[in-house]
Each structure stands twice: as structure tokens, then as C-alpha cells.
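The values are calculated or read from the model by the stated rules, or taken from the named source; none is laboratory data. All values reported here derive from a predicted model rather than from experimental measurement. Heads up, the Cβs are rebuilt from the backbone with ideal geometry, glycines too, and the neighbour counts pull from every protein chain shown.
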Amino acid sequence: MTAEGYKALDDDLRRLKTLERPAVIAAISEARQHGDLSENAEYHAAKERQGWIEGQIADIEDRMARAQVIDVSKLSGSQVKFGAWVSLVDEDTEEEARYQIVGEHEADVRQGRVSITSPLARAMIGKESGDVVEVNTPGGVKAYEITKVEWA
């Protein structure tokens, strides 16, 4: 995982623990004051929300404990590796795209971040600028030319 991805997880964990958890505890306390808990929809909704929050906290803490954080700013080279920003051109449509290869949990194609386990990233690993990679997609095989490898 990138240092940026680790920081995002840490920020999310801090928000859950300092804002979400106290808010749901207050909601449960308030709902308890309304009487019979067996028919109290507010209470059951708050307890369900609490369970979801605690599950999220446990999941994030687990991911952070097992994370291998890689400082991308210290990487360089001409080959595509984890953390690299790769510019591509679709050989059929001439459409250009730019992606960073990141860990599974920080992937977001809309932000230009693809998972290291994705078919596109696996095809690009070890390649250099000027190389052509072929990727199996649901629509068939697509060919992309790598135009630039950056470490920004």
C-alpha cells in the first residue's frame, strides 16, 4: 500500500472512533430512554449502525496491521512497478489514459488508481515506455502502448 493510502485508512479510522462511535452511543442511550426496547425501531437501528461501525473499525485496524507501506517518492526507474504513474494509449481508439498502480484497497479507477492485482496492472508490471501490453477484457483483447512511466 502507498503511504497516501495508509494515511487515508488512518484518517477513516480516526473519524470512525472519534465521531461515528460516540454519536451512535449517544443515539443508543437516547433510544433506551423511550421505553420498551423490543419494539423500539430507533434503538434497533442505532444498534445495527453500531455493529457496522465496529466492523469497519476492526477491518481497517486489521488492514493497517498487515499493510506493507511503500514510499513511492523514493522509487524510480524506467520500468513499471508498484506506485508508478503510467501513461497509456489505446491502440484501437487512440484514447489516452494515466494510471497509478496501487494496493487493492486503495484502487479507484475514477481517480486513476488501479489495483496491482488488476489485469491491466499485471500486464504492465516490468514493461517500459514504448512497450505494448495486451489485456484480456470482457470485450476481447485490448492493446495499449505505454507512453510514459513517472514517479510523481
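Brief remarks on what is shown
- Criterion: outside the structural domain of Val135 (by TED's automatic domain parsing) and polar (S, T, N, Q) - qualifying residue of Ser38, Ser118: Ser38
- Scanning region 52-97 for residues that are charged (D, E, K, R), in contact with a helix residue (DSSP H, G or I) (Cβ under 9 Å, 6 or more places away or on another chain) and surrounded by 16 or more Cβ atoms within 10 Å (Cβ to Cβ) yields a count of 1.
- Residue count for region 116-152 under the criterion of being assigned to a strand (DSSP E or B), closer than 17 Å to Gln79 by Cα and touching a residue at least 12 places away in the same chain (Cβ under 8 Å): the result is 10.
- Within the span defined as region 101-115, every residue fails to be outside any helix (DSSP H, G or I), more than 30 Å from Ala67 (Cα to Cα) and within 24 Å of the chain's Cα centre (by Cα).
- Residue selection: Arg49 fails the criterion of being basic (Lys, Arg), over 28 Å from Trp85 (Cα atoms), touching a helix residue (DSSP H, G or I) at 6+ places or on another chain (Cβ under 7 Å) and exposed (fewer than 14 other Cβ atoms within 10 Å of the Cβ).
- Here Lys142, Lys148 are screened, and the one residue that is more than 30 Å from Asp12 (Cβ to Cβ) and touching an Asp or Glu at 6+ places or on another chain (Cβ under 7 Å) is Lys142.
- Count of region 40-88 residues, restricted to those that are under 16 Å from Ile116 (Cβ atoms), not aliphatic (A, V, I, L, M) and not in a loop (DSSP other than H, G, I, E, B), is 4.
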